[in-house]
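Below you'll find the structure, written out as structure tokens, and then a few comments.
The values are calculated or read from the model by the stated rules, or taken from the named source; none is laboratory data. Being a predicted model, the structure only gives us computed values, none of them experimental. FYI the Cβ positions are ideal-geometry reconstructions off the backbone, even for glycines, and counts take in every protein chain you see.
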Amino acid sequence: MTKIWAILVLLFLVPCATAQQSLDAMVDKEIAWLLETYRMLHSSPELSHREEKSSAFLANQLRTLGYTVTERIGKYERSDWAGYGVIAVMKNGPGPTVLVRSDMDALPVEEKTGLPYASKLRTKNDAGVEVGVMHACGHDVHMTSLLGTAKMLAQLKDRWSGTLILVGQPAEETIDGARALLRDGLYTKVPQPDFAVALHDTPDFAAGTVAYIPGFALASSTSVDIKIRGVGGHGSRPDSTKDPIVLAAQVILALQTIVSRENSPFDPAVVTVGSIHGGVKHNIIPDEVNLQLTVRAYKEEVRQRLLASIERITKAIAVAAGVPADRAPIVKVSETEVTTATYNDPALTDRVAQALTKEVGQANVFKADPIMASEDFGYFGLDRKIPTTMFMLGASDPEKLRVAKASGTTMPSLHSPLFAPIPEPTLRTGVRAMTAVVLELMKKK
Ligand SMILES: [Zn+2]
Ligand SMILES: [Zn+2]
């Protein structure tokens, strides 16, 4: 009897002993699993709207860890795209509801890192063009960190109380995944959270460090398509045409004056022409030229002004060139490739920063500047009704980053075919950081 009681007492004490362990020591036990998971995910990336295997993997793992999992969430405007969203819930008594999000999609980039676990996958994109596929934004780091965090929190149930929601979000790169989840009734399937948090890796900071950005952190992004229509003809007879190639050149240069001459220097803004296509042959003046633009801003009124200026300038240049009214340029502002600015709730960000500092140390946590990249994570906050924050996870080899900085160069950026986060310290810090943040937000009173 005594022996049995001793065993029972011991069994009872084991979870308490676990609770006393440092997160770092707990991650130590899981590091082989985390690295293996990361390498597997890295070598099998999937494009936006096609995250079938990644989401199934995430769902299975989370289920095994004891979460209640729902799969295939998400409704897009295009009915032929399936929603591959994953939601995993762990209810653990009374307390706040916290949502942690990881994105899952990869990019049409051919990997050139030469790493042993590099992606060799190729696929056809939506336009039918064959492309390489790569986790060039580190969403594999995010998924692995989410799984690690899920495992830690399942083991540490005696240290938190409330409802934890983990989200595997599809289609972040096309910025329509978060909205697809909400359109499919995310907050009717799970309780509306009190807080939503996420992390994003970055090659700009050393692995082992994390950064927070209070207030506006990432810009809004709007895709714009411009069709410049002219009157085509023989390359030797420009006088009988309205040359859309020359018009496009004028438009591109004139658009540069929006930010430099029309916009307040105190309002960050970007107008980039990322694509120009027109013509097929040396001696043919084509009928039209197509431009693709991305427009970035923090404030909505700035965004509206930029879009109005793009339309005004483009149309006026066509008028100045004598293009007939029925061939006026068509300026189309995308309704789907658009996302609002990411605003990190200052009070929540402050709490997160304190939790991060406590876990990974003052020397490894700092406040970073906002950037003009974009994210659709902000949608989970329902127009700032729910406080949200995203912190940055350093992913570069500290020594390589030091050498790059000393020589005035930068590490390969996100979306680069050479982007290569250093897995071990990055994942370890990602799991520790996110677990510490959730424990802070859900700590037992
Ligand atoms: Zn990206
Ligand atoms: Zn990303």
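I'm trying to understand the selection: among the residues of region 291-310, which are buried (at least 16 other Cβ atoms within 10 Å of the Cβ), not in a loop (DSSP other than H, G, I, E, B) and not hydrophobic (A, V, I, L, M, F, W, C)?
Gln292, Thr294, Arg296, Arg303, Arg305, Ser309
State yes or no: is Glu172 acidic (Asp, Glu), touching a helix residue (DSSP H, G or I) at 6+ places or on another chain (Cβ under 8 Å) and under 28 Å from Pro203 (Cα atoms)?
yes
Taking strands (runs of 3 or more DSSP E) as the structural unit, those lying wholly within region 38-119 and holding at least 2 residues that are under 19 Å from the mean Cα position of the chain (by Cα) correspond to 85-92, 97-103.
With the condition kept exactly as written, say whether any residue in region 230-250 is under 28 Å from the mean Cα position of the chain (by Cα) and either at pLDDT 95 or above or under 30 Å from Ala217 (Cβ atoms) (or both). Looking for residues that are under 28 Å from the mean Cα position of the chain (by Cα) and either at pLDDT 95 or above or under 30 Å from Ala217 (Cβ atoms) (or both), one finds none in region 230-250, hence no. Restricting region 157-174 to residues that are out of contact with any Lys or Arg (no Cβ under 7 Å at 6 or more places or on another chain) and surrounded by fewer than 20 Cβ atoms within 10 Å (Cβ to Cβ), the residue that is farthest from Ala196 (Cα to Cα) is Asp158. Within region 279-290, the only residue that satisfies the criterion of being surrounded by 13 or more Cβ atoms within 10 Å (Cβ to Cβ) and free of Cβ contacts under 8 Å to residues at least 40 places away in the same chain is Gly279.
I'd like to check something: does region 176-191 contain any residue that is at pLDDT below 95 and crowded, with 24+ Cβ neighbours inside 10 Å? Yes, the conditions are met somewhere in region 176-191. Within the set of pairs 6 or more residues apart or between chains, which connect a residue that is touching a residue at least 60 places away in the same chain (Cβ under 8 Å) and among the basic types (Lys, Arg) inside region 169-198 to a residue that is in a loop (DSSP other than H, G, I, E, B) and within 16 Å of ligand 1 (Cβ to nearest atom) with Cβ atoms less than 7 Å apart? Going by the 7 Å Cβ cut-off, the qualifying pairs are Arg179/Asp376.
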